[in-house]
Amino acid sequence: MPEFKPKAFNELFDLSGKVAVVTGGANGIGKATALRLAQAGANIVIADLKLEDAETAVKDIKKHGVQALAVECNILKDDDLVGMVEKVVAEFGTINILINNAGGGGGGRENPSKISVDDIRRDFELNVFSGWRLCQLCVPYMKESGYGSIVFTTSMSSINKSPNMSGYAGSKAAVNHMVANLAHDFGPEVRINAVGPGATRTAALESVLTLEIEEKMLAHTPIKRLGEADDIAGAMLYFASPVSNWVSGQTLFVNGGGVQTLD
Ligand SMILES: NC(=O)c1ccc[n+]([C@@H]2O[C@H](COP(=O)([O-])OP(=O)(O)OC[C@H]3O[C@@H](n4cnc5c(N)ncnc54)[C@H](O)[C@@H]3O)[C@@H](O)[C@H]2O)c1
């Protein structure tokens, strides 16, 4: 049997020289993740709808001494995805890490008697199809480079059962299972995992949070606070880094140990 040589401790989270694309990286969970990956040495591409916010994020990321690039990209548009990947490869030569984080939908407002199939289709386009397509575009570069890690942002809603959530929650549940299957397609060179946040303080959450809802959420949460974007970024860093190099196809829920729902 060949001798197993564990990595030195400082190599476990070392992403020096790696190239990471973070969709929705201009704000919230994506931005916190981009900053953590930059701290670990990765060069960062922020692919986001909001170019101005992406450029601000790039300024913060560069303070970690890495290279960073802002690309305006609507993940719902195939031309944007193809153009973004071409731009990244032209600028950095490859892609090693893909954080499929941009997503969302009508969660909490999805009353089946009030919404249309187009609303549900949009949930799946935003949370499932765009990320799948980006995997397809990025994996060849990852395989060629010899290091590849993909992380999706899924959600606790993918396992919770709540009213008015069927499209958003169903699409996030699809992400968990898709990731588990894609691990077989992309291995051994490329690992793929998902992080499922509980209620995390970002603009997206603040738009639906009330004091009353927060109190109810905390009643079911052993770690008595809501999540911060950086709590989620820690799990993203784990999956992106060599420390998790025998981990693929998994979903890790980061939720203060509890369940936070809007109902
Ligand atoms: N905040 C939470 O409580 C929570 C919980 C579970 C899952 N999530 C998931 O986390 C991810 C990030 O959410 P967040 O809370 O950080 O949101 P956020 O609103 O703070 O940031 C989202 C970022 O994504 C960008 N974006 C939105 N649509 C896009 C598109 N079509 N193309 C490119 N960029 C786009 C926005 O411009 C923004 O910069 C989402 O997938 C969301 O479903 C969030």
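Structural remarks
Residues are listed down the side, and each one gets a yes or a no for (1) within 16 Å of the chain's Cα centre (by Cα); (2) of a type outside the set (A, V, I, L, M, F, W, C):
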{"residue": "Glu55", "(1), (2)": "no, yes"}
{"residue": "Asp60", "(1), (2)": "no, yes"}
{"residue": "Glu72", "(1), (2)": "no, yes"}
{"residue": "Val82", "(1), (2)": "no, no"}
{"residue": "Thr94", "(1), (2)": "no, yes"}
{"residue": "Gly104", "(1), (2)": "yes, yes"}
{"residue": "Arg109", "(1), (2)": "no, yes"}
{"residue": "Ser116", "(1), (2)": "no, yes"}
{"residue": "Gly131", "(1), (2)": "yes, yes"}
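- Taking the criterion of being surrounded by fewer than 19 Cβ atoms within 10 Å (Cβ to Cβ) and closer than 21 Å to Ile159 by Cα, the residues of segment 184-204 that qualify are Arg201, Ala204.
- Taking every residue in segment 66-95 that is farther than 20 Å from Lys31 by Cα and pairing it with any residue that is of a type in the set (Val, Ile, Thr) and in a helix (DSSP H, G or I), at least 6 positions away or on another chain, the pairs with Cβ-Cβ distances below 9 Å are Thr94/Val88.
- Residue within segment 213-226 that is in contact with a helix residue (DSSP H, G or I) (Cβ under 8 Å, 6 or more places away or on another chain) and within 16 Å of the ligand (Cβ to nearest atom) present: yes
- Every residue from segment 22-35 that is open to solvent by less than 20 Å² (accessible area, probe 1.4 Å) and either assigned to a helix (DSSP H, G or I) or of a type in the set (S, T, N, Q) (or both): Thr23, Gly30, Ala32, Thr33, Ala34
- Selection of helices (runs of 4 or more DSSP H) fully inside segment 36-136 by the criterion of at least 2 residues being hydrophobic (A, V, I, L, M, F, W, C), modelled with pLDDT of 95 or more and open to solvent by 20 Å² or more (accessible area, probe 1.4 Å) returns 78-92, 117-124.
- For segment 205-228, filtered to residues that are of a type in the set (Gly, Ala, Ser) and not in a loop (DSSP other than H, G, I, E, B), the residue that is most open to solvent (accessible area, probe 1.4 Å) is Ala219.
- Residue within segment 229-249 that is more than 30 Å from Gly146 (Cβ to Cβ) and surrounded by fewer than 18 Cβ atoms within 10 Å (Cβ to Cβ) present: no
The values are calculated or read from the model by the stated rules, or taken from the named source; none is laboratory data. In this text, all values refer to a predicted model and were calculated from it rather than measured experimentally. Heads up, the Cβs are rebuilt from the backbone with ideal geometry, glycines too, and the neighbour counts pull from every protein chain shown. Each accessible area value is taken on the protein alone, full model and side chains, heavy atoms only, with ligands, DNA and RNA left out. Shrake-Rupley method; radii C 1.70, N 1.55, O 1.52, S 1.80 Å.
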